[in-house]
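Structure record follows, encoded as structure tokens.
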């Protein structure tokens, strides 16, 4: 006989209404059902009405969360020369070039984001099979290929997150922690939705935002009302 765990049954009882939730209701429920022994991450999953087979409809970008992600990110800056000091002063965790290129080739990946200056990208690009498969390759689209090292590092440390569509047209990203105040989570969510709205490819026809689901690391997902969240995101911008 297949029996559900007590934790699962408790969650199931809390999801009586299977319809779409307002953003306020969804945030409240995510916080209520987050009862793990650690500070759970709040995650947003957006299914977009794009054709993943068309390169011009695949999205990749970044957005600054108004209240940060709640996650401490480890930043590697790949550069040579005078930008080294600028990166270190801005708070980058690792700064250099040859040493870290060799370490990555040997399997070292103890970082969350890679920032590189344009002058070294011809060599960084050779790490595509390693960094690309992990979603770590720096890109102009996410602002991680730049000579503006200091503001970029500070922005990423403060809560600028990167995102991209997967092979099924979904975007998965973090929007905070379950310990965040509800209004802060709401504003972070709306910032992501607005950025996705701005990035809508011109070739996309029909409904663009198909489903938006909010959940915590260990909790169930709550589907948000598309019409409400779209309108709120435009007003919030």
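The values are calculated or read from the model by the stated rules, or taken from the named source; none is laboratory data. All values reported here derive from a predicted model rather than from experimental measurement. Quick reminder, even Gly has a Cβ in these numbers, built from the backbone with ideal geometry, and neighbours come from all protein chains shown.
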With the structure loaded, tell me whether residue 99 is at pLDDT below 90, assigned to a helix (DSSP H, G or I) and out of contact with any strand residue (DSSP E or B) (no Cβ under 9 Å at 6 or more places or on another chain) or whether it fails that test.
no
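Considering the stretch 174-187 alone, what residues qualify as being assigned to a helix (DSSP H, G or I) and either touching a residue at least 60 places away in the same chain (Cβ under 8 Å) or out of contact with any helix residue (DSSP H, G or I) (no Cβ under 9 Å at 6 or more places or on another chain) (or both)? Let's see the steps before the verdict.
First pass over the stretch 174-187, keeping only residues assigned to a helix (DSSP H, G or I): 182-187.
Once the filter is applied, which keeps residues that are assigned to a helix (DSSP H, G or I) and either touching a residue at least 60 places away in the same chain (Cβ under 8 Å) or out of contact with any helix residue (DSSP H, G or I) (no Cβ under 9 Å at 6 or more places or on another chain) (or both), the stretch 174-187 yields 182, 184, 185, 186, 187.
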Checklist (1) surrounded by 15 or more Cβ atoms within 10 Å (Cβ to Cβ); (2) in a loop (DSSP other than H, G, I, E, B) applied to residue 205, failing item
(1)
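Run down 190, 209 and say which single residue is in contact (Cβ under 8 Å) with a residue 40 or more places away in the chain and touching a strand residue (DSSP E or B) at 6+ places or on another chain (Cβ under 9 Å).
On the way: 190 fails: touching a strand residue (DSSP E or B) at 6+ places or on another chain (Cβ under 9 Å).
Just one listed residue meets the conditions, 209.
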Residue hits (the stretch 134-173; closer than 23 Å to residue 211 by Cβ and either out of contact with any helix residue (DSSP H, G or I) (no Cβ under 9 Å at 6 or more places or on another chain) or assigned to a loop (DSSP other than H, G, I, E, B) (or both)) are 135, 166, 167, 168, 169, 170, 172
Tell me the residue from 71, 88, 129 that is under 22 Å from the mean Cα position of the chain (by Cα), part of a helix (DSSP H, G or I) and surrounded by fewer than 20 Cβ atoms within 10 Å (Cβ to Cβ), please.
129
Complete set of residues in the stretch 132-145 that are within 20 Å of residue 90 (Cα to Cα) and surrounded by fewer than 16 Cβ atoms within 10 Å (Cβ to Cβ)
140
